[in-house]
Amino acid sequence: MAEQREGDEDGRERPTSAADRRGRRSGSAPDAGRGRSTAVREGRQAKVSPPARLARFMREVVAELRKVIWPSRRQLVTYTIVVLVFVSFMVALVWLLDLVFAQGVLYLFGT
């Protein structure tokens, strides 16, 4: 019975890890290139001029900003209110603790 669990009915070995089940460890899988790190470049590329590097940087910034999911006006108002309430609560808590510790110091050392 244990030997039946070791292999499939067609004689193949069962995958032993999650990576094996997803097919990442077998070289014959169609997506065998996925999950691998980028190959190291052999030689250094020619130096690129600063304006060209700046232009590439700006293109990448715009591309990343297009991926951002911007909040709607309603969400923005909600998030702002939540932040203001939380900050107000924290200010009150710190004020209260400061008051308690100040009274404790005055009681302990007297004036």
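Within segment 38-49, does at least one residue satisfy the condition of being at pLDDT 90 or above and either over 24 Å from the mean Cα position of the chain (by Cα) or hydrophobic (A, V, I, L, M, F, W, C) (or both)? Yes, segment 38-49 has at least one match.
Selection of first residues in segment 44-57 that are surrounded by 10 or more Cβ atoms within 10 Å (Cβ to Cβ) and in a loop (DSSP other than H, G, I, E, B) and of second residues that are at pLDDT 95 or above and of a type outside the set (Phe, Trp, Tyr), restricted to Cβ pairs under 9 Å at least 6 apart or on distinct chains, gives the following pairs, ordered by first then second residue: Val48/Arg56. Restricting to segment 69-111, what's the tally of residues that are under 36 Å from the mean Cα position of the chain (by Cα) and outside any helix (DSSP H, G or I)? Here the count works out to 4. Inspect segment 8-29 for any residue being modelled with pLDDT of 95 or more, among the basic types (Lys, Arg) and out of contact with any helix residue (DSSP H, G or I) (no Cβ under 6 Å at 6 or more places or on another chain) and give the result as yes or no. No: zero hits.
The values are calculated or read from the model by the stated rules, or taken from the named source; none is laboratory data. Predicted, not measured: the structure shown is a model, and the values here were computed from it. For neighbour counting, all protein chains shown are included, and Cβ atoms are generated from backbone atoms with ideal geometry for every residue, glycine included.
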